[in-house]
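I have placed the structure first, in the form of structure tokens, so that the comments after it can refer back to it.
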Amino acid sequence: MSYARAVSGLGVPSPVRLVADSGDNETHPAIVGKEATDTYLITWTAKHPAPFINVGIYGRPFSQNGENLSVKKLLGGLFGDYSAAANGLGGDFLVVYQDPNLIYPTTLDIWGRFWGNRALMPHIRK
């Protein structure tokens with residue numbers, strides 16, 4: 001199980017919050033905060049559900065006071081590892097991670113995925 005705790009600028013800790021409860025090995029946590037929306041995204045590496053043996057990158061958003069804003073979600077990866085995240089302008093986060101190349105599986109590539117509120121405008125050509 002994995003836990004998190006926010007700490008104020010004055011050093012006052014908030015209550016401990018459960019991040020992941022799979023009972024498996026959850027490793028390589030990463031966190032990014034978004035001041036504009038008072039949200040955080042925590043990502044980590046964990047096993048895919050049985051019967052799969054590979055691992056992937058999971059994520060879960062939290063509010064500033066440490067409350068879960070969503071269930072954990074699989075973000076990607078066949079053998080994903082070492083996630084990192086950055087916040088974007090539109091209320092979203094970009095999560096990147098290392099994963100094998102699908103064409104040349106002996107090499108590792110960096111993959112990415114957006115999480116959050118993305119407002120995309122249609123492209124109109126005249």
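Would you confirm whether any residue within the stretch 40-51 is of a type in the set (S, T, N, Q) and more than 12 Å from the chain's Cα centre (by Cα)?
From the stretch 40-51, those of a type in the set (S, T, N, Q) are 43, 45; that's our starting set.
Cutting the leftovers down to more than 12 Å from the chain's Cα centre (by Cα) gives us none.
There is no residue in the stretch 40-51 that is of a type in the set (S, T, N, Q) and more than 12 Å from the chain's Cα centre (by Cα).
In the stretch 2-24, the condition of being at pLDDT 80 or above and closer than 18 Å to residue 98 by Cβ is met by no residue.
For the stretch 1-26, taking the residues that are in contact (Cβ under 8 Å) with a residue 40 or more places away in the chain and not in a strand (DSSP E or B), the one that is surrounded by the most Cβ atoms within 10 Å (Cβ to Cβ) is identified as 6. For the stretch 56-110, which positions are closer than 12 Å to residue 33 by Cα and of a type in the set (Phe, Trp, Tyr)? 62, 93, listed by residue number.
The values are calculated or read from the model by the stated rules, or taken from the named source; none is laboratory data. These figures come from a predicted structure and were not determined experimentally. Reconstructed Cβ throughout: ideal geometry from the backbone, glycine too, with neighbour counts over all protein chains shown.
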